[in-house]
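A.B. asks: Attaching a single structure in structure tokens format; questions to follow.
The values are calculated or read from the model by the stated rules, or taken from the named source; none is laboratory data. Since the structure is predicted, the reported quantities are computational estimates derived from the model, not experimental observations. Ideal geometry is used to build each Cβ from the backbone, glycine not excepted, and the neighbour counts take in all protein chains shown.
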Amino acid sequence: MTPIEIPVARSGEPVQPGAWNAMRAAVQQLQLKSGTNCRLKPTGRGTIIDFVQQPQSFSGYWQVTLRGGTQAMVRPGTVNKVPATIDGVDLATRPAPLLQFEQLELDEQDRGYIALHVRCDAESYAILSAEIVQVADPDTDDGRATSTPYTGGAARAFGEGGLQARHPLAMLRRRADGSVAVFQMTHFPLQHRLAFGKDGKTAVRHFFY
């Protein structure tokens, strides 16, 4: 930035046009200038600077969008590089597949989840499928709400050999006015690992990260 040179005058000295113009230029250089999404409001005691926040839309992996009360669209995502699906259709397919449900599965707190349901191979433990589901509780066998929710740090294993688990992608919350809010929980491609019990074969935990 070019330094501001403010002219200096002595008492009784006539004001020359050059000095006046230099002072005017110095004052103009000191003035605040508004920029993008910025508003200035001059007052008698100074200038109020107001920033206008523009809403930014989120568009990323696993983004959940509800359509009415019976459909949900989920942007593509992978777990261990395996593409997720809805009814066996890759989320990247166009037109995008929609998750259909007659009514939302919610718990006593009017809370539910859009989750990723994985099934693993009994021998290699590789992921066989990664299906999008809507459940009241990701950690119960049938996805319904329970009075004693699982509180572990990893996903609970269920099914034969503990080879199935669900990971929540977004939480759904029904408000007092009946509308449903979506709170995105997962934003990135997932990795998945199993933790086994003492027999070394039965999965007891599924880790998603």
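Residues checked against (1) among the acidic types (Asp, Glu); (2) more than 25 Å from residue 70 (Cβ to Cβ):
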site: 123; (1), (2): yes, yes
site: 144; (1), (2): no, no
site: 161; (1), (2): no, yes
site: 166; (1), (2): no, no
site: 201; (1), (2): no, yes
site: 208; (1), (2): no, yes
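A.B. asks: Out of everything in the stretch 180-207 that is among the hydrophobic types (A, V, I, L, M, F, W, C) and assigned to a loop (DSSP other than H, G, I, E, B), what residue ends up being farthest from residue 76 (Cα to Cα)?
C.D. replies: Restricting attention to the stretch 180-207, the residues satisfying the condition of being among the hydrophobic types (A, V, I, L, M, F, W, C) are 180-183, 185, 188, 190, 194-196, 203-204, 207.
When the remaining residues are screened for being assigned to a loop (DSSP other than H, G, I, E, B), the result is 185, 188.
On the way: 185: 15, 188: 10 Å.
So, considering only residues that are among the hydrophobic types (A, V, I, L, M, F, W, C) and assigned to a loop (DSSP other than H, G, I, E, B), the one farthest from residue 76 (Cα to Cα) is 185.
A.B. asks: Taking the stated definitions as given, is residue 170 assigned by TED's automatic domain parsing to the domain that holds residue 92, modelled with pLDDT under 90, surrounded by 15 or more Cβ atoms within 10 Å (Cβ to Cβ) and not basic (Lys, Arg)?
C.D. replies: no
A.B. asks: Let me ask something else about it. Filtering the stretch 86-114 down to residues that are touching a Gly at 6+ places or on another chain (Cβ under 8 Å) and without any contact (Cβ under 8 Å) to a residue 60 or more places away in the chain, which residue is farthest from residue 154 (Cα to Cα)?
C.D. replies: 103
A.B. asks: Additional query: Listed residues 183, 158, 188, 208; which is over 27 Å from residue 92 (Cα atoms) and surrounded by fewer than 20 Cβ atoms within 10 Å (Cβ to Cβ)?
C.D. replies: After applying the criteria, what remains is 158.
A.B. asks: Right, next: In the set 139, 177, which member is part of a loop (DSSP other than H, G, I, E, B) and surrounded by 13 or more Cβ atoms within 10 Å (Cβ to Cβ)?
C.D. replies: Just one listed residue meets the conditions, 139.
A.B. asks: Separate question: With the requirement that a residue be of a type in the set (D, E, K, R), exposed (fewer than 15 other Cβ atoms within 10 Å of the Cβ) and over 29 Å from residue 126 (Cα atoms), what does the stretch 78-108 give you?
C.D. replies: 102, 108
A.B. asks: In this structure, does residue 144 turn out to be loosely packed, with under 13 Cβ neighbours inside 10 Å, more than 20 Å from the chain's Cα centre (by Cα) and basic (Lys, Arg)? Walk me through how you get there before you give the answer.
C.D. replies: On the way: loosely packed, with under 13 Cβ neighbours inside 10 Å: yes; more than 20 Å from the chain's Cα centre (by Cα): yes; basic (Lys, Arg): yes.
Spelling it out, residue 144 is indeed loosely packed, with under 13 Cβ neighbours inside 10 Å, more than 20 Å from the chain's Cα centre (by Cα) and basic (Lys, Arg).
A.B. asks: Every residue in the stretch 28-59 that is among the hydroxyl-bearing types (Ser, Thr, Tyr), at pLDDT 85 or above and surrounded by 10 or more Cβ atoms within 10 Å (Cβ to Cβ), please.
C.D. replies: Here is the first cut: in the stretch 28-59, the ones among the hydroxyl-bearing types (Ser, Thr, Tyr) are 34, 36, 43, 47, 57, 59.
Then keep just the ones that are at pLDDT 85 or above; that gives 43, 47.
Hit for the stretch 28-59 is 47, nothing else.
A.B. asks: Moving on. Scan the stretch 41-95 residue by residue and report those that are touching an Asp or Glu at 6+ places or on another chain (Cβ under 9 Å) and in a strand (DSSP E or B).
C.D. replies: We begin by selecting, within the stretch 41-95, every residue touching an Asp or Glu at 6+ places or on another chain (Cβ under 9 Å); these are 41, 70, 76, 83-88.
Passing the criteria: 41, 83, 85, 86.
A.B. asks: Search the stretch 186-205 for residues being touching a residue at least 24 places away in the same chain (Cβ under 8 Å) and more than 16 Å from residue 158 (Cα to Cα), and hand back the single one that is farthest from the chain's Cα centre (by Cα).
C.D. replies: That would be 191.
A.B. asks: Moving to a separate point now. So for the stretch 121-131 (the condition being of a type in the set (Val, Ile, Thr), in the same structural domain as residue 69 (by TED's automatic domain parsing) and modelled with pLDDT of 95 or more), does at least one residue qualify?
C.D. replies: Here is the first cut: in the stretch 121-131, the residues of a type in the set (Val, Ile, Thr) are 127.
This time we only want the ones that are in the same structural domain as residue 69 (by TED's automatic domain parsing), so: 127.
In the following step, the residues that additionally are modelled with pLDDT of 95 or more were identified as 127.
So far as the stretch 121-131 goes, yes, one or more of its residues are of a type in the set (Val, Ile, Thr), in the same structural domain as residue 69 (by TED's automatic domain parsing) and modelled with pLDDT of 95 or more.
A.B. asks: Looking at the structure I just gave you, is residue 35 farther than 30 Å from residue 112 by Cα and either among the charged types (D, E, K, R) or over 36 Å from the mean Cα position of the chain (by Cα) (or both)?
C.D. replies: Here the answer is no, as residue 35 does not meet what is asked.
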